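Everything below concerns the one structure shown next.
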Amino acid sequence: QVQVVESGGGLVQPGGSLRLSCAASGIIFRIYGMHWYRQAPGKEREWVATITSETTATYADSVKGRFTISRDNAKNTVYLQMNNLKPEDTAVYYCAARRMVERYWGQGTQVTVSS
């Protein structure tokens, strides 16, 4: 049984930082690409960042230079370090494990950026 579980969301002031974690089980974690998406109220889900099994990282333009994705294969965990947060970063953040046609989603974690 595959499980993908996000954690680390919360309320933070503009300019602040948060680190999201996503732990996956039931898969051979190291061979999966890991992805972060987000969905703001009333908007479609959008891609945020990807880290491949070879640890190549890519980012959406809206977060480039502020967010960093990383992975720890020994812990079956992917992270999203979010710095200089803005109110427009407010969303539910989802983690996904993908390999070929397989895709597994987490339940999401809420990030709210507000003063």
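Worth pointing out:
- Two-site FRET efficiency, Q13 against E102, from Cβ-Cβ distance with R₀ of 41 Å, rounded to 0.05: 0.60
- Highest GNM mean-square fluctuation among P14, P41, P87, for the chain modelled with Cα contacts below 10 Å: P41.
- For the chain, built as a Gaussian network whose Cα springs stay under 10 Å, the top-fluctuating residue of A49, A23, A60: A60
- Applying the criteria of a DSSP loop state and at most 14 other Cβ atoms within 10 Å to the GluC sites (Glu not before Pro) of the range 22-104 yields E44, E54.
- Structural descriptor for the range 33-115: relative contact order 28 percent, calculated from alpha carbon pairs under 8 angstrom and at least 6 residues apart.
- Net charge of Cβ neighbours under 14 Å - reference G106; Lys, Arg +1; Asp, Glu -1: +3
- Placing unit charges on the Cβ atoms only, positive for Lys and Arg and negative for Asp and Glu, gives the chain a dipole magnitude near 140 debye about its Cα centre.
- Summing charges over neighbours of F29, with a neighbour being any other residue whose Cβ is under 11 Å away from its Cβ, gives +3 when K and R count +1 and D and E count -1.
- Partner lysines for K43 [C-alpha distance under 23 Å; skip if fewer than 8 residues away on the same chain]: K64, K86
Read-outs throughout are calculated quantities, based only on the coordinates presented, and are distinct from any laboratory measurement. The structure displayed is predicted, hence computed values, not measured ones. Cβ atoms come from the backbone with ideal geometry, glycine included; neighbour counts cover every protein chain shown.
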